[in-house]
Each structure stands twice: as C-alpha cells, then as structure tokens.
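Worksheet: the structure to be examined is printed underneath.
The values are calculated or read from the model by the stated rules, or taken from the named source; none is laboratory data. Everything numeric here is computed off the predicted structure, so don't read it as measured data. FYI the Cβ positions are ideal-geometry reconstructions off the backbone, even for glycines, and counts take in every protein chain you see. Ligands, DNA and RNA are excluded from the accessible area calculation, which covers all protein heavy atoms including side chains. Shrake-Rupley method; radii C 1.70, N 1.55, O 1.52, S 1.80 Å.
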Amino acid sequence: MSLNKLVVNIFWGSITAMTGLSTVGPVGAHDVRAANLGVVLRAIRRAAPCSRAEVAATTTLTKATVSSLVGQLIEHRVVREVGSSEGRVGRPAIQLALDDRWTCAIGLEVNVDYLTLVAIDLTERVLVSRHEPFDAVGSGPRACAERLAELVVETQAEPSLARRATIGVTVAVPGLIDATNGTVTTAPNLKWSDVPLREHLARRLRTSASGVPVFVDNDAHLAAIAEYRHGHRAGTPDLAYLTGEVGIGAGILVGGRLLRGHSGHSGEIGHIPLVVDGPRCGCGRNGCLEALAGIDTIVRGCLPQDVAPTTGPRSAAELGRTVELVAARAAAGERTTVETLGDAGGWLGRGIATLVNLVSPRVVILGGYFVPLAPWLLPSCRAAVGDHAIAAAEGSHVIETSTLGFGAAAQGAAAAVVDSLDRGSLGLPVYAGAD
C-alpha cells in the first residue's frame with residue numbers, strides 16, 4: 001500500500017474532530033484502537049522526545065498497549081525513534097518523536113483579492129508558503145476552485161514536498177460555512193452563496209490524481225488557531241483575532257477552544273449594527289461595523305475620488321498599494337487621512353468592546369490590512385474599548401497587531417489538518433504495511 005493511501009485513510013478517521021460529524025452505532029475494538037492511537041500521538045507531541053514508558057505513564061494505557069500502538073505509528077511513518085536516553089538514571093530507553101519527514105498538511109485561504117497556500121509538516125514547521133493576487137469575485141467559485149487545485153498540485157511537485165504524502169487540505173473562506181459538507185453558505189464580499197466549495201475542489205484534486213480529504217472553514221476561525229499556536233501571543237487561552245481584509249470577521253478562543261456556536265457561524269463581528277440607517281454594508285444591511293471601519297471604507301475616506309475608485313473590487317496589488325499610500329499620508333500628518341483613521345479606529349473599538357463584554361478575551365489581535373494602519377487606528381480603538389467595555393477598567397484586555405502576516409488563515413487551516421490527525425479519531429481504517 002502506498003504511503004499516500006495510508007495517511008489519507010488515517011486522516012479520514014479524524015473527520016469527526018474536524019467537522020463535528022459523528023457516526024451512529026456501537027463502538028467496536030477497531031474504533032477504540034483508533035482513538036488510542038490518537039491518545040498516544042498527542043502524548044508524543046507534547047513530551048517528545050520521550051520513551052514508551054513515559055507515554056504509558058502519562059496516559060491510561062498499559063505499557064503493552066502503548067508499545068503496540070507506537071509500533072503501528074512507526075510503521076506508518078507518523079512517529080520515529082530518535083535515539084536512547086543515555087545519561088539518565090536507570091536503563092537507557094529508546095526515545096520517540098513525531099516523524100516530520102514523510103507527510104504534510106496544506107492550508108489554503110481564499111479572499112476577495114488573493115489566494116494563499118501554506119504547507120506544514122507534522123511538527124507544524126512551514127515547508128512552503130505562497131501568496132498570489134487573484135480576483136475571486138470576478139473569477140467566480142468554480143474558477144477559484146480550479147486555481148486552488150492547481151496550487152495544491154504545483155506545491156506537491158516542489159522538491160521540498162516531493163517525497164511527502166498530503167494528509168489533507170483545509171480551505172479558509174471569509175464567510176459562513178457549513179462544515180459538515182464544506183459548503184460556503186454565504187460570503188458577501190466574495191458574492192458567493194451556497195457554493196459547494198469542498199465538492200468543487202475535491203473533484204478537481206481527484207481528477208489530478210492527487211486526491212486528498214478536503215475541508216472548508218471560516219478564515220477568522222482558522223487565523224485565530226494560527227495565532228494561538230504560532231503568534232507572538234501563542235498559548236493565550238482567551239484570545240480573539242480580527243481579520244483586516246475587505247471584511248471584518250472574528251475568530252474567538254475561550255479556554256483554548258474555538259468558540260463556534262450552535263451553527264458554527266460565530267464571530268461575525270463585522271456585521272454588528274452600530275448605527276441606525278448608517279452606511280450600506282456588503283451584507284445588504286446598514287450601519288454594520290464593516291461598513292464603518294472596513295478597509296474599503298477607510299480607503300475611500302482617506303483618498304481623493306480620483307485615487308480611490310468608488311465602484312468595483314480592487315486587485316490585491318492595487319489594494320496593497322492603496323493601503324501603503326494611506327499609511328504614507330498618515331505618517332506625513334495629512335489631516336483628512338489621520339482623522340479618517342481615527343474615526344475608523346473608534347468604530348473598531350466599539351465593535352471590540354461588544355466582543356469584550358460578551359466573551360472577555362485576554363488579547364485581541366488585529367490582522368490583515370489593519371496591521372500597517374495600526375499606529376493611527378489603535379489609539380482611538382483602545383480609547384473606545386475603554387469607554388464602552390465594562391471590564392476594560394480592569395486593564396486586563398490587550399489589543400495588538402498580528403505578526404503572522406497574510407498567511408495566518410492558511411497557516412491555521414494547515415494546523416487544523418494536523419490537529420484533526422492527533423485529536424483522537426485516527427483510524428477508520430488504519431492500514432499496516434506502509435511502503
């Protein structure tokens with residue numbers, strides 16, 4: 001059996017952890033073993049390098065069971081032996097670690113004006129990172145899926161991934177997602193509605209002979225995961241990430257767990273109504289935070305009409321240059337620009353204050369195009385949070401900018417693939433005899 005088929009089948013057993021799906025029926029010995037493989041894999045991830053005995057000591061599994069499961073993980077090239085524990089008291093023991101040489105996970109992000117891809121190994125080390133301009137609005141969902149599939153296939157052919165099997169692909173999208181079937185229910189800024197993106201992409205990857213499991217999730221949710229695992233505030237259990245793209249979404253972690261809500265559609269902070277009969281929002285309503293403090297609104301307010309077009313989407317390169325121009329004018333002290341940014345920061349702070357009052361995150365991280373504009377957004381933003389958040393007087397809420405750049409959502413998407421692999425549902429089916 002090929003390594004690719006092996007790890008794909010291991011991965012398929014982890015669908016429950018990624019999507020929230022469950023199977024109906026009795027739990028058999030095979031299911032128990034698959035779950036125990038996850039327990040062992042997580043223990044090794046936390047403690048590596050560690051011995052089989054140490055794994056057994058930190059789990060409820062017997063030494064014999066751990067030895068058997070570790071053997072299976074080694075055979076499948078998910079775990080490897082990395083030497084002995086010489087120098088320690090007692091008999092030297094063979095040490096274990098994740099095997100980062102044979103597999104990869106791929107995360108993709110679709111946004112209005114660009115596509116991003118990040119590939120990582122089992123230790124979540126970034127192997128490949130790609131970012132390219134793409135008009136997702138004008139191209140439409142099918143052409144977008146086509147280009148995403150091409151990016152995956154092109155990346156799999158790169159020398160750094162040539163020997164690696166792809167265990168899964170997750171796509172981050174700025175919109176409401178039905179994670180059970182990978183459908184983009186609505187993405188106002190993309191102008192997508194009821195798009196079966198998972199189906200489109202999976203079909204194209206099968207056609208390319210590179211078929212792997214495909215999942216779709218919200219971009220802010222996945223960016224929050226990336227911040228929690230790899231950002232400068234990594235490990236903060238109560239954290240919120242705000243996208244600073246054309247839209248504004250929020251990924252919220254409470255106690256280290258992603259807050260999804262009943263339908264999985266939590267975090268739509270950009271569509272909190274702040275002004276009755278305010279400016280029109282892309283969602284079709286009026287007075288939303290996004291319409292008051294979104295990047296498009298900021299650009300239109302900062303630049304003259306002959307510089308900032310009043311209709312039509314901007315390309316990634318054009319929007320990037322425009323934001324740079326806004327930052328340059330603000331740095332030069334141009335009054336209209338500084339005032340517009342101050343106003344936008346105030347509205348942003350009001351939206352964050354609502355978030356703080358509801359879930360009280362320790363850290364709120366601003367991403368995307370908010371980052372280069374932060375010097376002029378943050379003062380009024382923080383002041384508004386202080387004025388409108390009940391708990392802000394305690395000084396316990398920090399508002400900062402991301403250091404992960406535009407790859408945050410894609411990096412989080414790739415991490416979600418790895419996370420699903422070692423969350424405990426490893427094995428339906430688990431094959432032996434990897435090539």
Q) Given (1) more than 15 Å from the chain's Cα centre (by Cα); (2) hydrophobic (A, V, I, L, M, F, W, C); (3) open to solvent by 40 Å² or more (accessible area, probe 1.4 Å), where does V212 come up short, assuming only one miss? A) (3)
Q: Look at V128 and say whether it is outside any loop (DSSP other than H, G, I, E, B), free of Cβ contacts under 8 Å to residues at least 60 places away in the same chain, within 30 Å of R42 (Cα to Cα) and among the β-branched types (V, I, T).
A: yes
Q.
Residues that are within 21 Å of L148 (Cβ to Cβ) and of a type in the set (S, T, N, Q): list the strands (runs of 3 or more DSSP E) wholly contained in the range 179-284 that include at least 2 such residues.
A. 183-187
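Condition check ((1) basic (K, R); (2) more than 30 Å from the chain's Cα centre (by Cα); (3) not in a helix (DSSP H, G or I)) across all residues:
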{"site": "A64", "(1), (2), (3)": "no, yes, no"}
{"site": "G71", "(1), (2), (3)": "no, yes, no"}
{"site": "Q95", "(1), (2), (3)": "no, yes, yes"}
{"site": "L108", "(1), (2), (3)": "no, no, yes"}
{"site": "T123", "(1), (2), (3)": "no, no, yes"}
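Let's see how each residue does on (1) in a loop (DSSP other than H, G, I, E, B); (2) modelled with pLDDT of 95 or more:
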position	(1), (2)
G83	no, no
R101	yes, no
V118	no, yes
V137	no, no
A143	no, yes
Q: Could you tell me whether the range 66-77 includes any residue that is among the hydroxyl-bearing types (S, T, Y) and at pLDDT 85 or above?
A: yes
Q | Subset of the range 154-183 (residues that are modelled with pLDDT under 90 and either open to solvent by 10 Å² or more (accessible area, probe 1.4 Å) or of a type in the set (K, R) (or both)) | A | S160, A162, R163, R164, A179, T180
(Q) For the range 285-305, give me the residue count where each residue is open to solvent by less than 60 Å² (accessible area, probe 1.4 Å) and either in contact (Cβ under 8 Å) with a residue 40 or more places away in the chain or not in a loop (DSSP other than H, G, I, E, B) (or both). (A) 14
Q) Among the residues of the range 388-404, is any open to solvent by less than 40 Å² (accessible area, probe 1.4 Å), assigned to a helix (DSSP H, G or I), at pLDDT below 95 and of a type in the set (G, A, S)? A) yes
